[in-house]
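Enquirer: Structure below; questions to follow.
The values are calculated or read from the model by the stated rules, or taken from the named source; none is laboratory data. Keep in mind it's a predicted model, so treat the numbers as computed, not measured. For neighbour counting, all protein chains shown are included, and Cβ atoms are generated from backbone atoms with ideal geometry for every residue, glycine included. Side chains are part of the model used for accessible areas, which takes the heavy atoms of the whole protein and leaves out ligands, DNA and RNA. Shrake-Rupley method; radii C 1.70, N 1.55, O 1.52, S 1.80 Å.
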Amino acid sequence: MRLLVPLVPDPAAPLGSVHPLAKIGAALVVMLALFLTVDLVTSSIVLAGIAAAVPLSGLDPRALGRRLVPLAVGAAGIGVFNTLFGTSPSVQNGAAIALRLVGIALSGVVMVATIDPTDLADALVQHLRAPPRFVVGALAAFRLFPLFSREWDMLGLARRARGIEADRTFVDRLAAFPGRALGLLVAAIRRATRLALAMDARGFGSRDRRTLARPRAITRADWSFLAAAILLAALATATSLALGTYRPLIAF
Amino acid sequence: MPAVEARGFGWRHAGRSAWAIRGLDLVVEQGERVLLLGPSGAGKSTLLLALAGLLDTSGGGEREGELVVRAETGIVFQDPETQLVMGRAGDDVAFGLENRCVPTAEIWPRVHAALAAVGFPYPGERRTDALSGGEKQRLAIAGVIALAPSLLLLDEPTASLDPDGAADVRALIADLAASRERTLVLVEHRLAEVLPLVDRVVVIEPGGGVVADGAPADVFAREGARLAERGVWVPGPPPAAPERGGATGRTLARAEALAFRYPGSPVWALDAVDAELREGEAVAITGANGSGKSTLALLIAGLLRPGRGKASLDGDDAWALPARRLVTRVGSVFQDPEHQFVAGRVLDELTVGPRRAGRSSGEARALAASLLERLRLAHLAEANPFTLSGGEQRRLSVATALATAPPLLVLDEPTFGQDRRTYGELLRLLAAHRDGGGAVTFATHDRDLVAGFADRTITLAGGRAA
């Protein structure tokens with residue numbers, strides 16, 4: 001449940017000022033480059049590029065690292081499995097598969113963590129004409145997530161206080177889960193109802209349209225950021241092709 | 001023209017047989033400042049929602065009579081957590097303006113004016129999740145007054161706050177009330193501080209309309225005793241506990257150099273705290289928000305694993321006790337009763353603990369029945385605990401703690417948001433437990449409770465004994 005607590009980047013970091021849609025575009029481009037091939041060269045170059053962008057993201061490297069531990073363990077497991085039992089088992093293939101997974105996931109995590117939800121909601125409404133009622137509603141719900149994490153912990157403690165172990169062993173957790181989840185659901189619905197009322201009281205949803213407090217143009221810097229991502233993807237793919245290591249996932 | 005005119009107004013919530021409000025006649029003039037009082041369940045919050053135009057018959061609710069509101073309304077609720085929509089303070093104030101289609105160029109001047117009007121101490125970029133409860137409530141008020149309402153409705157705006165936060169928000173309300181450009185309708189439990197801010201007190205009863213109305217001094221002189229009996233907080237001292245019956249006995253719980261750090265936090269929430277709780281005493285744990293009060297209570301109750309030091313119950317390590325044995329040593333009552341409900345019926349809720357502790361189902365049921373009788377919950381035995389009123393939930397949560405007959409009771413903010421009647425009942429229950437040779441300890445902000453009940457006080461500051 002602690003995974004529900006968002007990573008908070010330093011707002012003054014260089015990546016912080018990039019338009020959210022440019023960040024999503026950039027992440028999609030590098031993900032696509034990794035998706036199309038299973039080879040060490042492409043994965044390594046793209047991963048190096050993403051790693052170089054991490055210090056610009058304003059994320060605490062240690063917090064990010066902790067968040068990536070389960071991912072790294074999973075990727076390593078899949079890598080080892082493919083090294084031993086894959087369709088063409090070799091250390092090289094196993095490592096390529098693992099690196100590719102880490103790269104795809106890391107670009108996703110950095111993208112999600114560095115996009116301010118409010119900025120994203122504004123961008124979706126302004127540039128992609130998303131319905132504000134839905135987008136802003138989702139944004140408000142998103143703010144409640146960290147509260148649910150605390151609530152979950154408290155529900156576990158309260159169960160022990162009632163004579164029901166909820167956190168000691170895996171079996172305890174499993175047995176206590178349905179009741180605890182129900183408690184969380186009740187709490188979530190109560191909070192959501194109160195929040196919806198407060199939003200209604202401030203005129204939310206009373207009109208089809210709403211104005212934007214911070215309309216935001218897509219600037220040259222945003223386009224440059226997207227271009228840099230395309231360049232990274234192209235460079236990695238071209239290098240791999242030139243070295244003859246490129247192994248497309250789908251052969252044409 | 002009056003701002004509000006109600007004639008025979010009534011409202012029944014969807015799926016309820018009883019009317020929340022009925023036969024309400026009320027006229028509020030422009031610029032008047034009204035305090036709305038009534039016992040728990042009198043429909044105070046419902047009336048404010050009606051005035052704010054937030055009761056909607058499309059959800060199945062039923063309305064009768066007439067209610068005319070000639071004003072632009074704004075409403076502030078009790079819980080600051082569920083009023084803020086945005087991640088940044090300035091954006092949150094802008095939210096309502098965006099909804100009303102205020103042009104972008106006008107939004108920011110109005111945001112800054114509203115933030116200045118409530119004395120918000122940070123720039124608009126401030127993250128809302130980094131604010132204290134009192135600051136969040138200030139921000140919520142800013143978000144409402146940015147829309148320039150001529151009728152401001154406040155539903156227990158300080159009830160969820162610690163004493164400092166509450167004082168802070170009350171000072172703001174005093175400022176807002178001083179200029180008579182807005183009509184003000186306020187619901188508030190603790191009277192001493194808000195009475196100077198209002199010109200008129202209106203008392204309503206469950207389903208019964210207005211039962212008292214007039215200048216504060218007149219209303220309390222005429223109706224004070226009756227109101228207090230019905231559970232309404234009235235000016236004057238709160239109920240006090242009976243004097244302590246016996247002497248203190250052996251030690252039930254001991255904390256030695258206790259320290260705790262929450263996962264992911266660099267600072268110790270509690271550090272090097274020693275404490276001892278003996279039979280026959282009531283001990284308060286006090287301190288500002290974040291001082292470690294609740295943490296100490298949870299550690300003593302064996303619910304958190306100490307980072308350093310030791311918490312013991314009757315000589316045994318509290319954290320090491322399995323849950324089914326823990327409940328025979330200590331009964332815990334959480335601030336939010338809903339956190340500790342685990343059954344679908346009130347009766348089952350009370351048999352869970354005894355069954356876990358090894359009692360037969362017959363014994364458990366007999367025990368539950370006698371507790372329900374003692375805590376005036378017998379008529380609710382078949383009800384779902386989540387559907388009870390706040391006061392009933394509080395009594396039930398205390399009953400669940402008592403069900404396993406533990407010598408020690410540990411409570412977190414037991415009087416929070418309770419009406420006068422529940423407050424008095426709670427005090428009698430806890431005093432009876434103490435006088436029966438048990439110990440009671442409670443983390444609280446409630447100065448009246450400390451003064452009226454505690455034999456001793458453990459004061460914490462920044463996680464250490466002060």
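Enquirer: Could you size up the charge dipole of the stretch A:69-160 around its Cα centre, putting +1 on the beta carbon of Lys and Arg and -1 on that of Asp and Glu, and report it in debye to the nearest 20?
Expert: That gives a dipole near 240 debye.
Enquirer: Extension gain B:Ala432-B:Ser360, at 0.36 nm per residue separation less the Cα-Cα distance, in nm? Intermediate values should be presented prior to the final figure.
Expert: Numbers: separation 72, 0.36 × 72 = 25.92 nm, distance 2.62 nm.
Roughly 23.3 nm would be gained on extension.
Enquirer: Still on this structure, I have one more. Let me check against my output: what whole-number percent is the relative contact order of the stretch A:120-201, with C-alpha pairs under 8 Å and at least 6 apart?
Expert: So the answer I get is 19 percent.
Enquirer: Ok, one more. Quick check: convex hull over the Cα atoms of the stretch B:273-322, volume per residue in Å³, rounded to an integer?
Expert: On the way: hull volume 4.4 nm³, N = 50.
Convex hull of Cα atoms, per residue: 88 Å³.
Enquirer: While we're on this one: In square angstrom, rounded to the nearest 10, how much accessible surface does B:Ser389 have for a 1.4 Å probe?
Expert: 50 Å²
Enquirer: How large is the convex hull of the C-alpha atoms of the stretch A:207-246 per residue, in Å³?
Expert: Values: hull volume 3.6 nm³, N = 40.
So the per-residue Cα hull volume is 90 Å³.
Enquirer: Give me the accessible area buried between chains A and B, both sides summed, with a 1.4 Å probe, in Å² rounded to the nearest 100.
Expert: Protein heavy atoms only, the A-B interface buries about 4800 Å².
Enquirer: Where does the protein assembly as shown land on the Kirkwood hydrodynamic radius, alpha-carbon pairs, in angstrom?
Expert: The answer is 28.7 Å.
Enquirer: Same structure again: Would you list the P(r) distribution for the stretch A:29-79, with all Cα-Cα distances sorted into 5 Å bins from 0 and each bin expressed as a whole %?
Expert: Result, from short to long distances: 4, 17, 19, 28, 23, 9, 0 percent.
Enquirer: Between B:Ala174 and A:Ala76, with labels modelled 7 Å along Cα→Cβ, what's the label distance in nm to one decimal, could you check?
Expert: Modelled inter-label distance: 6.1 nm.
Enquirer: A:Thr87 accessible area, nearest 10 Å², 1.4 Å probe?
Expert: 150 Å²
Enquirer: If you don't mind, another one. For the stretch A:165-208, what class follows from the C-alpha gyration tensor (a ≥ b ≥ c being the square roots of its eigenvalues): rounded when a/c is under 1.5, otherwise prolate if a/b is larger than b/c, else oblate?
Expert: Values: a/c = 5.76, a/b = 4.86, b/c = 1.19.
Prolate.
Enquirer: Same structure again: Taking the Cβ-Cβ separation of A:Arg209 and A:Leu182 as r and a Förster radius of 41 Å, what is the calculated FRET efficiency to the nearest 0.05?
Expert: Once the sixth-power term is evaluated, E becomes 0.55.
Enquirer: Further question: Do any residues of the stretch A:169-199 lose at least 20 Å² of accessible area when the full set of protein chains is present rather than just their chain alone, and if so which, with a 1.4 Å probe?
Expert: Relative to the lone chain, where solvent access is computed with a 1.4 Å probe, the stretch A:169-199 loses at least 20 Å² at A:Val186, A:Arg190, A:Arg191, A:Arg194, A:Leu195, A:Leu197, A:Ala198, A:Met199.
Enquirer: Tell me the angle of helix B:133-145 to the major Cα principal axis of chain B, expressed in degrees between 0 and 90 and rounded to the nearest ten.
Expert: 20 degrees
Enquirer: Related question: P(r) for the stretch B:106-210, please, calculated from all Cα pair distances in 5 Å bins and given in %.
Expert: Cα pair-distance distribution for the stretch B:106-210, in percent: 2, 11, 22, 23, 19, 12, 6, 3, 2, 0.
Enquirer: Would you work out if chain A is rounded, prolate or oblate? Take a ≥ b ≥ c from the square roots of the eigenvalues of the alpha-carbon gyration tensor; rounded if a/c is under 1.5, else prolate when a/b is larger than b/c, oblate otherwise.
Expert: oblate
Enquirer: Between B:Ala369 and B:Asp164, what is 0.36 nm times their sequence separation minus the Cα-Cα distance? Round to one decimal in nm. Please list the in-between numbers first.
Expert: Numbers: separation 205, 0.36 × 205 = 73.80 nm, distance 4.15 nm.
Answer, rounded to one decimal: 69.6 nm.
Enquirer: Sticking with this one: If you fit an axis through the alpha-carbon atoms of helix B:420-435 and take the longest principal axis of the Cα set of chain B, what angle between them do you get, 0 to 90°, nearest 10?
Expert: Compared with the principal axis, the helix lies near 10 degrees.
Enquirer: Moving to a separate point now. Principal axes first, then extents: for the Cα atoms of the stretch A:1-106, list largest minus smallest coordinate on each axis, whole Å, largest first.
Expert: Principal-axis extents of the stretch A:1-106 (Cα, largest first): 46, 30, 19 Å.
Enquirer: Over 17 Å, how big is the tail of the calculated P(r) for the stretch B:164-228, in percent of all Cα pairs?
Expert: That tail contains 46 percent of the Cα-Cα pairs.
Enquirer: Sticking with this structure for a sec: Sorted from largest down, give the three principal axis spans of the alpha carbons of the stretch B:292-420, whole angstrom values.
Expert: 46, 36, 21
Enquirer: Let me ask something additional. Calculated from DSSP H runs of 4 or more alone, at -39500 (n - 2.57) each and per residue, what is the 222 nm mean residue ellipticity of the protein assembly as shown, nearest 500? Working shown, then result.
Expert: Values: 23 runs with 337 residues, N = 718.
Dividing the helical sum by the residues of the protein assembly as shown leaves -15500 deg cm²/dmol.
Enquirer: Counting only DSSP beta bridges with both residues in the protein assembly as shown, what percent are antiparallel, rounded to the nearest 5? Mind dumping the intermediate values first?
Expert: On the way: 34 of 68 bridges.
The answer is about 50 percent antiparallel.
Enquirer: Largest first, how would B:Phe77, B:Phe9, A:Phe170 line up by accessible area (1.4 Å probe)?
Expert: Numbers: B:Phe77 30, B:Phe9 0, A:Phe170 150 Å².
Of B:Phe77, B:Phe9, A:Phe170, the descending order of accessible area is A:Phe170, B:Phe77, B:Phe9.
Enquirer: Would you kindly calculate the translational diffusion coefficient of the stretch B:1-99, applying Stokes-Einstein with the Kirkwood radius from alpha carbon pairs, for 20 °C and a viscosity of 1.002 mPa s, and quote it in µm² s⁻¹ without decimals?
Expert: For the chosen part, D equals 140 µm²/s.
Enquirer: Test of understanding: what is the full-extension gain from B:Asp448 to B:Ala117, defined as 0.36 nm times their sequence separation minus their Cα-Cα distance? Display every interim value, and only then the final one.
Expert: Working: separation 331, 0.36 × 331 = 119.16 nm, distance 3.22 nm.
Contour length minus the Cα-Cα distance gives 115.9 nm.
Enquirer: Also, quick follow-up: Quote the accessible area belonging to B:Tyr122 in square angstrom, nearest 10, computed with a 1.4 Å probe and with ligands, DNA and RNA left uncounted.
Expert: 70 Å²
Enquirer: I've got another one for you. Kindly identify the stretch B:223-338 as rounded, prolate or oblate by the Cα gyration tensor criterion: order the square roots of the eigenvalues as a ≥ b ≥ c, call it rounded if a/c is under 1.5, otherwise compare a/b with b/c, prolate if a/b is larger, else oblate.
Expert: It is prolate, given that a/c is not under 1.5 and a/b is the larger ratio.
Enquirer: Please compute the average number of Cβ atoms from other chains found within 10 Å of each residue's Cβ in peptide A:149-157.
Expert: The shielding value for this peptide is 4.
Enquirer: Given Cβ point charges of +1 (Lys, Arg) and -1 (Asp, Glu) and nothing else, what value in debye, to the nearest 20, does the dipole of the protein assembly as shown about its Cα centre take?
Expert: That gives a dipole near 1640 debye.
Enquirer: Show me the three semi-axes of the equivalent ellipsoid for the stretch A:120-201, from the C-alpha gyration tensor (sqrt of 5 times each eigenvalue), largest first, rounded to whole Å.
Expert: Gyration-tensor ellipsoid for the stretch A:120-201: 35, 14, 9 Å.
Enquirer: How large is the charge dipole for the stretch B:364-466, taken about the Cα centre, if only the Cβ atoms of Lys, Arg (+1) and Asp, Glu (-1) carry charge, to the nearest 20 debye?
Expert: Magnitude of the dipole: close to 120 debye.
Enquirer: What is the ratio of the Cα radius of gyration of the stretch B:381-466 to 2.2 N^0.38 Å, where N is its residue count, to two decimals?
Expert: On the way: Rg = 13.9 Å, N = 86, 2.2 N^0.38 = 12.0 Å.
Rounded to two decimals, the normalised Rg is 1.16.
Enquirer: Scattering from the C-alpha atoms of chain B alone, worked out with Debye: what is log10 I(q)/I(0) at q = 0.07 1/Å?
Expert: These q points yield log10 I(q)/I(0) values of -0.41.
Enquirer: Enter the angle in degrees (range 0 to 90, nearest 10) between the Cα long axis of helix B:89-99 and the first principal axis of the Cα atoms of chain B, meaning the one along which they spread out most.
Expert: Rounded to the nearest ten degrees, it is 50.
Enquirer: What is the diffusion coefficient of the stretch B:225-290 in µm²/s, taking the Kirkwood radius over Cα pairs and the Stokes-Einstein relation at 4 °C with a viscosity of 1.567 mPa s? Don't jump to the answer; show the numbers that get you there.
Expert: On the way: Rh = 16.1 Å.
Answer from the Stokes-Einstein relation: 80 µm²/s.
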